[in-house]
Amino acid sequence: MNPSSVSFRHMFRLTDDTGIVEHALGRIPRRQEGYSTDDQARALWACLEWLDYVPEKEAEGLHSLIDTYLSFLLWTQNENGHFHNNIAFDRTREAETPSDDCLGRCLWASALAFIKLQDRERALAAKEILEKAMNQVANLQYLRGSAYAMAAISLLIRHNYPRDLDAVLAALAAKLLHAYRTHARPQWLWYEPALSYSNGIIPWGLFCAYEAMKNNELLDVAVESLDFLIRLSLNEKGHIRPVGNRGWCTPEYRALWDQQPIDVMKLALAASKAYEMTGKARYAEIVGKCRGWFYGENDAGVPMCNALEGGGYDGLGEKGPNLNQGAESTLSYLLTEAVYLKLNENKRGAENYAAYRC
């Protein structure tokens with residue numbers, strides 16, 4: 001399938017005038033499950049990535065989705081800058097503890113929106129979300145939320161955001177480096193005692209920080225940890241095998257099932273950034289393998305997406321795919337396609353430039 005012809009039909013199906021519904025039964029939205037702010041941030045991110053590749057008429061549709069997701073983030077952001085994540089279908093807030101991961105995702109999505117959106121009205125909304133969320137960055141405790149925040153702040157620094165963020169980025173980077181020094185061993189090159197979910201986001205955050213800070217220690221740790229993750233994420237045929245969620249992965253144990261699309265997308269994201277920072281072809285190959293996972297290059301040999309509808313299946317188990325097409329899995333599929341397309345456009349540009357220079 002040509003990624004430039006990807007369908008957004010299922011994304012529109014899941015999205016109503018409040019936001020993107022969290023779960024589906026097959027392809028039908030399960031409204032009783034309500035919404036998550038996490039998914040609005042992911043959906044905003046996906047729309048922003050695809051704006052670069054769709055024709056004008058389709059871009060109009062994506063802009064209408066962007067308005068919905070920005071509105072959701074404005075609504076669920078608390079005055080202190082944090083976000084309420086779990087929202088019932090009747091728009092009431094469900095009981096919860098604030099999530100670092102949710103804050104980090106929203107910070108990244110709003111930063112990307114502020115940088116990429118051309119019209120001032122939408123950028124104004126993105127900046128308000130971003131500025132309030134910044135007030136909570138110093139309170140981040142967990143690595144994945146911190147990695148998202150590093151990526152967001154690195155992006156803003158590289159685009160000359162009118163605020164001094166260098167010290168904030170340095171503090172976040174020091175936190176991830178400390179975690180790595182604490183837990184890494186010769187046979188366990190990782191930031192935690194276990195590999196759990198969304199693992200690729202951590203080296204991705206370090207690659208982004210390196211791009212802004214040019215600190216070689218950040219690059220060395222990002223490469224070393226990503227290479228370790230890649231080794232653990234390939235099966236005997238060289239296909240992607242993300243860590244399963246039935247027990248995750250420790251030095252003593254590795255779960256095979258269930259494999260989650262979001263883990264494949266985060267690996268693609270980290271490998272793409274590694275290719276961008278190092279130019280090493282093996283990382284571009286991993287991005288291609290991550291995309292291939294959705295089209296049947298996986299342990300079960302079955303597609304993990306409904307390509308005609310643009311939906312992603314919720315997980316891969318020993319009996320095959322979970323055919324429900326919820327927001328997280330669908331957005332993981334669409335973002336992986338965007339990462340793959342962007343990487344290959346950048347490769348062609350570099351090759352054309354090299355040929356021109358010769």
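The values are calculated or read from the model by the stated rules, or taken from the named source; none is laboratory data. Just so it is clear, the structure is predicted and the values come from calculations on it, not from any experiment. Methodologically, a virtual Cβ is constructed for each residue, glycine included, from the backbone with ideal geometry; neighbour enumeration extends over all protein chains shown. Only protein heavy atoms, including side chains, enter the accessible area calculation; ligands, DNA and RNA are left aside. Shrake-Rupley method; radii C 1.70, N 1.55, O 1.52, S 1.80 Å.
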Members of segment 311-320 that are open to solvent by 30 Å² or more (accessible area, probe 1.4 Å) and under 19 Å from MET11 (Cβ atoms): TYR313, ASP314
Single residue of segment 90-107 satisfying the filter (of a type in the set (Lys, Arg) and out of contact with any Lys or Arg (no Cβ under 9 Å at 6 or more places or on another chain)) that is nearest to GLN141 (Cα to Cα): ARG93
Check on PRO303, open to solvent by less than 20 Å² (accessible area, probe 1.4 Å), modelled with pLDDT of 95 or more and either assigned to a loop (DSSP other than H, G, I, E, B) or among the hydrophobic types (A, V, I, L, M, F, W, C) (or both): no
Residues within segment 52-78 that are at pLDDT 95 or above and in a loop (DSSP other than H, G, I, E, B), tallied: 1
Count of residues meeting criterion [assigned to a helix (DSSP H, G or I) and touching a helix residue (DSSP H, G or I) at 6+ places or on another chain (Cβ under 7 Å)] in segment 191-223: 19
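Residue-by-condition table, conditions (1) among the aromatic types (Phe, Trp, Tyr); (2) open to solvent by less than 40 Å² (accessible area, probe 1.4 Å); (3) assigned to a loop (DSSP other than H, G, I, E, B):
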position: SER225; (1), (2), (3): no, yes, no
position: PHE228; (1), (2), (3): yes, yes, no
position: ARG231; (1), (2), (3): no, no, no
position: GLU236; (1), (2), (3): no, no, yes
position: GLU252; (1), (2), (3): no, no, yes
position: LEU256; (1), (2), (3): no, no, yes
position: ILE262; (1), (2), (3): no, yes, no
position: ALA270; (1), (2), (3): no, yes, no
position: TYR275; (1), (2), (3): yes, no, no
Residue match in segment 175-185 (condition: open to solvent by less than 60 Å² (accessible area, probe 1.4 Å) and part of a loop (DSSP other than H, G, I, E, B)): yes
Qualifying residue in segment 243-250 (condition: open to solvent by 10 Å² or more (accessible area, probe 1.4 Å) and assigned to a helix (DSSP H, G or I)): no
Count of segment 257-276 residues which are of a type outside the set (S, T, N, Q) and under 23 Å from HIS183 (Cβ atoms): 9
Residue tally, condition more than 22 Å from the chain's Cα centre (by Cα) and among the small types (Gly, Ala, Ser), over segment 5-31: 1
Count of residues meeting criterion [open to solvent by 50 Å² or more (accessible area, probe 1.4 Å) and either farther than 21 Å from ASN85 by Cβ or touching a Pro at 6+ places or on another chain (Cβ under 9 Å) (or both)] in segment 118-141: 6
Residue within segment 292-303 that is of a type in the set (D, E, K, R) and closer than 11 Å to ILE240 by Cα present: yes
Selection count, segment 142-165, where residues are open to solvent by 10 Å² or more (accessible area, probe 1.4 Å) and within 16 Å of LEU112 (Cβ to Cβ): 6
Residue count for segment 86-115, restricted to those that are in a helix (DSSP H, G or I) and either open to solvent by less than 50 Å² (accessible area, probe 1.4 Å) or at pLDDT below 95 (or both): 15
Unique residue being surrounded by fewer than 16 Cβ atoms within 10 Å (Cβ to Cβ) and either in contact (Cβ under 8 Å) with a residue 60 or more places away in the chain or at positive phi (or both) when the list is LEU308, LEU343: LEU308
Residue satisfying all of: in segment 43-67; among the acidic types (Asp, Glu) and open to solvent by 40 Å² or more (accessible area, probe 1.4 Å); nearest to ILE20 (Cα to Cα) among these: ASP67
Residue within segment 12-21 that is among the β-branched types (Val, Ile, Thr), modelled with pLDDT of 95 or more and open to solvent by less than 10 Å² (accessible area, probe 1.4 Å) present: yes
Qualifying position, being without any contact (Cβ under 8 Å) to a residue 12 or more places away in the chain and out of contact with any strand residue (DSSP E or B) (no Cβ under 8 Å at 6 or more places or on another chain), among PRO203, PRO162, PRO193: PRO162
Residue in segment 138-146 that is within 20 Å of GLN40 (Cα to Cα), touching an Asp or Glu at 6+ places or on another chain (Cβ under 9 Å) and not charged (D, E, K, R) present: yes
